[in-house]
1. Restricting attention to segment 146-158, which residues are at pLDDT 90 or above and surrounded by fewer than 15 Cβ atoms within 10 Å (Cβ to Cβ)?
2. Check off (1) surrounded by fewer than 20 Cβ atoms within 10 Å (Cβ to Cβ); (2) more than 22 Å from residue 39 (Cα to Cα) for residue 129 and give me the number that stays unchecked.
3. Can you find a residue that is touching a strand residue (DSSP E or B) at 6+ places or on another chain (Cβ under 9 Å), surrounded by 20 or more Cβ atoms within 10 Å (Cβ to Cβ) and touching a residue at least 12 places away in the same chain (Cβ under 8 Å) anywhere in segment 94-101?
4. What are the residues in segment 124-148 that are farther than 21 Å from residue 88 by Cα and assigned to a helix (DSSP H, G or I), if any?
5. For segment 57-76, what are the residues that are free of Cβ contacts under 8 Å to residues at least 60 places away in the same chain, surrounded by 18 or more Cβ atoms within 10 Å (Cβ to Cβ) and closer than 23 Å to residue 143 by Cβ?
6. Would you check which residues across segment 9-25 are touching a residue at least 12 places away in the same chain (Cβ under 8 Å) and assigned to a loop (DSSP other than H, G, I, E, B) and list them?
7. Pull up segment 32-56, narrow it to residues that are surrounded by 14 or more Cβ atoms within 10 Å (Cβ to Cβ) and touching a helix residue (DSSP H, G or I) at 6+ places or on another chain (Cβ under 9 Å), then point me to the one that is farthest from residue 68 (Cα to Cα).
8. In segment 57-77, what count of residues is obtained for those that are in contact with a helix residue (DSSP H, G or I) (Cβ under 9 Å, 6 or more places away or on another chain) and more than 20 Å from residue 131 (Cβ to Cβ)?
């Protein structure tokens, strides 16, 4: 099973919004807001819904920014959580619409909060998907979509 997900590059003109997480070993990592596409939902609708659920912000997609794929090879995880072990991430540049942030309705798995960071700081953080590491400024400067590639990983896929 391949999971389609919509991820948001929430950009305010100088900072990027990242969700912070704690893994099962207590390590901190950062991810773009976003998640799985629902049946009959467009990618644009999915990214708006996911950002609202995880951050309380209302956003508008500006453009399609990048595509990344992760394939987890851990056999135990594939048996236990097949829907999360092969995923494509459709990354959209989005802008925050005016208005007060709403309530965080459905934080992401292991999410501990959200944080605005400068692009150079984002590149130094333990960012997932791994293909984003060191490429934040490149994506912001791109004039069209960027293919970030496919990555096979043996770690736990949750």
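1. Answer for segment 146-158, where residues must be at pLDDT 90 or above and surrounded by fewer than 15 Cβ atoms within 10 Å (Cβ to Cβ): 147, 149, 150, 151, 152.
2. Failed condition: (1).
3. yes
4. Answer for segment 124-148, where residues must be farther than 21 Å from residue 88 by Cα and assigned to a helix (DSSP H, G or I): 124, 137, 141.
5. Passing the criteria: 59, 61.
6. Answer for segment 9-25, where residues must be touching a residue at least 12 places away in the same chain (Cβ under 8 Å) and assigned to a loop (DSSP other than H, G, I, E, B): 12, 14, 15, 23, 24.
7. 41
8. 5
The values are calculated or read from the model by the stated rules, or taken from the named source; none is laboratory data. Just so you know, these numbers come straight off a predicted model, no measurement behind them. When we count neighbours, we look across all protein chains shown, and the Cβ atoms used for this are built from the backbone with ideal geometry, even at glycine.
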